[in-house]
Amino acid sequence: MSAEPLSPEEPGDRDRPAAVQRPARRLTPVRTVPPPPTTPIVLPGRHTAPEQAPDPAPGPAAEVPATPEAHAARRVRETWDEVEPQIDELACWFAALLFSLAPEVRALFPARVTEPARRLLRSIVLPMTTVDRPDALRAHVEPLVREHRALGLRAEQYEAIGVALIGAMRRFAGEHWDAPTEHAWVRAFSLAAGPMEQAVRAAADPAVAEGTVVGHRRLSWDLAVLHVAPDVPVPHRAGQYLTVEIPQRPRMWRPLSPATAPRPDGLLEFHVRAVEGGWVSRAMVAHAATGDRWRLGPPAGRLGLDPHGTRDVLMVAGGTGGAPVLALCEDMARWPRPRPCTVFLGGRVPEDLTVLDRLQALAAEHPWLALAAVCEDDPLNERTLPGTLPDAVVRSGDWSGHDVLLSGSPAMIRATASALLVDGVPLDHIRYDPFAE
Ligand SMILES: Cc1cc2nc3c(=O)[nH]c(=O)nc-3n(C[C@H](O)[C@H](O)[C@H](O)COP(=O)(O)OP(=O)(O)OC[C@H]3O[C@@H](n4cnc5c(N)ncnc54)[C@H](O)[C@@H]3O)c2cc1C
């Protein structure tokens with residue numbers, strides 16, 4: 001398979017709204033700078049916080065948020081729900097406005113801006129929806145700041161991000177946007193971006209690590225196992241993912257989940273499937289080579305297990321989603337008292353089950369681990385159960401008292417989570433990191 005060239009079109013042109021498309025190759029993508037928000041963006045430490053939203057008094061039946069922060073967070077959630085169906089167009093506008101305000105940010109993005117702009121946009125809006133809950137806000141800020149630093153954002157660029165965000169929202173929210181809504185968004189942005197800006201300013205450690213590809217084994221035309229030796233061990237936990245950037249696809253960061261629990265030598269193992277039309281996964285499978293230098297972003301993710309948890313564990317993994325599950329099982333094998341755990345590993349064909357042998361070896365050695373492999377299309381069915389993962393899981397038992405971790409494609413996660421919820425598993429027992437946004 002030959003490497004496809006980087007898109008010859010101008011960054012994001014295909015996705016960019018007509019009003020901001022350009023005829024020639026230039027780096028600044030909009031002709032006009034958006035008007036600033038009517039309420040100034042105020043990042044703590046530089047000015048004072050904005051005043052309370054000048055909302056009209058709510059009617060007697062309306063629920064009054066307890067604080068200005070709660071009001072702002074609620075308004076942000078409501079408006080965001082309205083625009084999210086247009087997230088790709090919104091993200092392109094946001095990026096175009098941002099590049100016009102801070103042209104140097106353009107260089108941090110790849111040719112096609114939609115996916116990273118969408119990611120940046122979500123990473124800004126998410127903490128804005130929690131500005132009324134300091135613990136939740138703090139929990140969001142730390143990993144997001146690491147992600148922003150890995151992207152290369154600087155503290156002084158948050159103000160431009162805020163202006164671009166408000167400008168893009170103003171255009172896409174339509175009838176859902178008015179002065180009180182803009183005030184609420186500005187307030188929420190100021191409250192959420194302030195701690196991010198301060199954390200970026202204060203950070204002293206390097207934002208990304210580098211590592212060398214020391215192994216590349218192709219399992220099939222669309223699957224490969226890669227080993228990367230970081231220059232210094234990356235401090236991740238089993239089950240977390242890292243964002244990575246490869247030399248064949250500069251600035252196109254993608255999350256990958258190591259298939260091994262952290263090792264003393266720091267070696268990372270990745271199982272990669274090339275998705276159809278995929279820019280980075282195809283390059284990783286077909287063109288990555290030993291000696292390549294990869295950049296490794298910060299670890300993140302919701303898959304993890306508390307050694308002191310009292311519930312038994314169910315893990316359900318589809319395809320390369322088996323990688324973090326293997327890492328978690330390897331990690332548990334080191335605990336003094338591992339939690340009883342059942343793993344369902346599924347795929348369309350047996351070749352998809354890249355971690356099956358390793359999990360089988362662990363299960364043979366450790367009585368706390370039970371394993372079932374599931375294949376939709378396995379003519380021999382010697383080692384696997386027939387059918388789909390959700391069917392096989394709910395057929396096999398009552399999981400309502402288990403902690404459940406799901407790993408794999410969004411479709412598999414949606415189907416499995418729905419089946420388990422119907423079967424009586426409480427929502428707060430289920431955790432997942434879907435393998436796409
Ligand atoms: C938390 C997390 C952990 C991940 N861990 C791994 C891992 O360990 N191994 C691994 O191989 N991948 C993993 N992924 C997926 C990976 O990050 C990329 O999304 C995937 O490789 C596709 O990137 P691409 O650049 O090739 O595709 P893009 O060029 O971004 O997309 C091309 C097309 O493929 C579709 N697409 C994107 N992602 C997927 C997907 N996962 N499945 C099917 N279609 C897709 C897009 O919608 C688009 O139509 C993980 C993703 C997340 C969010």
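Things to note:
- Taken per residue, the accessible surface of region 285-379 reaches 41 Å², heavy atoms only and a 1.4 Å probe.
- Total formal charge among the other residues, if their Cβ is under 9 angstrom from that of Glu69, Lys/Arg +1 and Asp/Glu -1: +1
- Environment charge at Ala373 (Cβ cut-off 11 Å; Lys +1, Arg +1, Asp -1, Glu -1): -3
- Paramagnetic label reach from Glu210 (point 7 Å along Cα→Cβ; backbone nitrogen cut-off under 14 Å): within region 222-239, residues 229-232.
- Expressed as a fraction of 2.2 N^0.38 Å, the C-alpha radius of gyration for region 209-300 is 0.97.
- Region 209-300 - percent relative contact order, Cα under 8 Å, separation 6 or more: 39 percent
- Ala139-Arg217 pseudo-label distance in nm [points 7 Å out on the Cα-to-Cβ vector]: 3.8 nm
- Once the mean of 1/r is taken over each pair of separate Cα atoms and inverted, region 345-437 shows a Kirkwood hydrodynamic radius of 14.0 Å.
- Around Pro206: net Lys/Arg minus Asp/Glu count, Cβ-Cβ under 15 Å: 0
- Accessible surface of region 340-437 [probe 1.4 Å, protein heavy atoms]: carbon and sulfur percent: 55 percent
- Alpha carbon centroid spacing (whole Å) that separates region 120-184 from region 378-437: 33 Å
- Dipole of region 244-381 computed with +1 at Lys/Arg Cβ and -1 at Asp/Glu Cβ about the Cα centre; of Ala327, Asn381, Ile246, farthest Cα towards the positive end is Ile246.
- Highest-first arrangement of 254-266, 378-390, where packing means the average Cβ count within 10 Å: 254-266, 378-390
- Using θ = phi - 60° and Karplus 6.51 cos²θ - 1.76 cosθ + 1.60, couplings along region 381-389 (whole Hz; Gly, Pro as x): 6, 7, 10, 10, 8, x, x, 9, 4
- Residue separation of Val349 and Arg302 scaled by 0.36 nm, minus their Cα-Cα distance, works out to 14.2 nm of gained length.
The values are calculated or read from the model by the stated rules, or taken from the named source; none is laboratory data. Note that this is a predicted model, so its numbers are computed, not measured. Every residue, glycine as well, gets a Cβ built from its backbone with ideal geometry; the counts of neighbours run over all protein chains shown. Note: accessible area is taken over every heavy atom of the protein model, side chains too, but ligands, DNA and RNA are not part of it. Shrake-Rupley method; radii C 1.70, N 1.55, O 1.52, S 1.80 Å.
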